[in-house]
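Here the structure is laid out as structure tokens; the discussion comes afterwards.
The values are calculated or read from the model by the stated rules, or taken from the named source; none is laboratory data. Just so we're clear, the structure is a prediction, and the values are computed from it rather than from any experiment. Quick reminder, even Gly has a Cβ in these numbers, built from the backbone with ideal geometry, and neighbours come from all protein chains shown. SASA here: full protein model, heavy atoms, side chains in, ligands and nucleic acids out. Shrake-Rupley method; radii C 1.70, N 1.55, O 1.52, S 1.80 Å.
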Amino acid sequence: TSLVASGRIRVVGEMANLDRLRVDASVDRFDASLFEYAIRNASPIRVALDRNIVRVTEMRLVGQDTQLDVSGILDLHNERIAIRTTGDANLGILQGFVSNMRSSGRAAPSAALEGPLGEPLVSGTMTVDNGRLRHFSLPHALESISGVMRFDSRSIRLDELSARLGGGAVTFGGNIGFEGYRVSRLDVTMNGTGMLVRFPEGMRSTVDAELALQGTVDSATLSGEVTVREGQYTRAFDT
């Protein structure tokens, strides 16, 4: 991860008294990379401090299939924050956070960071369009992912998300829990119909499934029912 920025800062007033201090900052160049994903500013970023209030008046960040607008205030006197982010993002950035996975597609986030500076709360939605996730250890990818994910500081809810797996329709439910912005609890359901899967090795089957993944990241349990509608063993038998 790297960040290079340059610009100008103008300071007027008493440095020891924030009530009598005014700061205007203009960032002309903002180049950042998160893993292999690059992002930069589309126009000068403007931030101002006036009477204990920091205002982000203009911030637009762009990258491949990405455009994010950030605005809001930081109240230093009352120690509160209110920042909003809207725009479009490339799901390829997920590859940097999860090993052995490839991702693509677009998402439209709308998020807010609000509350006390020491413990602000995150809330918002992310609308996914034509997303794709493929983990190297699995024989199939989740394709045509679409729908709305609703999130806050405690969880991500998946009840409005759908996809296709092995040509069959899949719907999701449940939530992913967080503690301190780290995944803590899984309670996710997946219902699929007409999925053509290559599992176990040598088998080619059309299945319906109702599955649940529950527990912690380190100790999760997969349970449910799989109905095999048609199966074919694709390897020769050794007589």
Mean separation of Cα contacts under 8 Å, 6 or more apart, over the residue count of region 173-239: relative contact order %: 27 percent
FRET efficiency, GLU14 to ALA38 (Cβ-Cβ, R0 41 Å, nearest 0.05): 0.55
Sum of side-chain charges, ASP208 neighbourhood, beta-carbon under 15 Å (Lys, Arg +1; Asp, Glu -1): -1
Length-normalised contact order for region 102-153 - Cα pairs under 8 Å, 6+ apart - percent: 36 percent
R0 of 35 Å, Cβ-Cβ distance ARG60-MET203: FRET efficiency to nearest 0.05: 0.10
Sulfur and carbon atoms: percent of accessible area, region 154-239 [1.4 Å]: 49 percent
Positive-end residue, region 156-239 charge dipole about Cα centroid, Cβ charges, pick of LEU211, VAL228, LEU165: LEU165
With every protein chain in place, region 1-131: carbon and sulfur % of accessible area (1.4 Å): 52 percent
Accessible area per residue, Å², the chain with all protein chains present, probe 1.4 Å: 64 Å²
Per-residue SASA entry for TYR233, accessible area with 1.4 Å probe, Å² rounded to 10: 110 Å²
THR216/ILE73 FRET efficiency (R0 35 Å; Cβ-Cβ; nearest 0.05): 0.40
Alpha carbon convex hull of the chain, projected area averaged over orientations, nm²: 16.1 nm²
Dipole-positive endmost among PRO139, SER110, LEU121 within the chain (Cβ charges, Cα centre): SER110
Bins of 10 Å from zero: percent of alpha-carbon pairs in region 1-113: 13, 35, 32, 15, 5, 0
Sequence ranges 10-16, 28-34, ranked by mean other-Cβ count within 10 angstrom, highest first: 28-34, 10-16
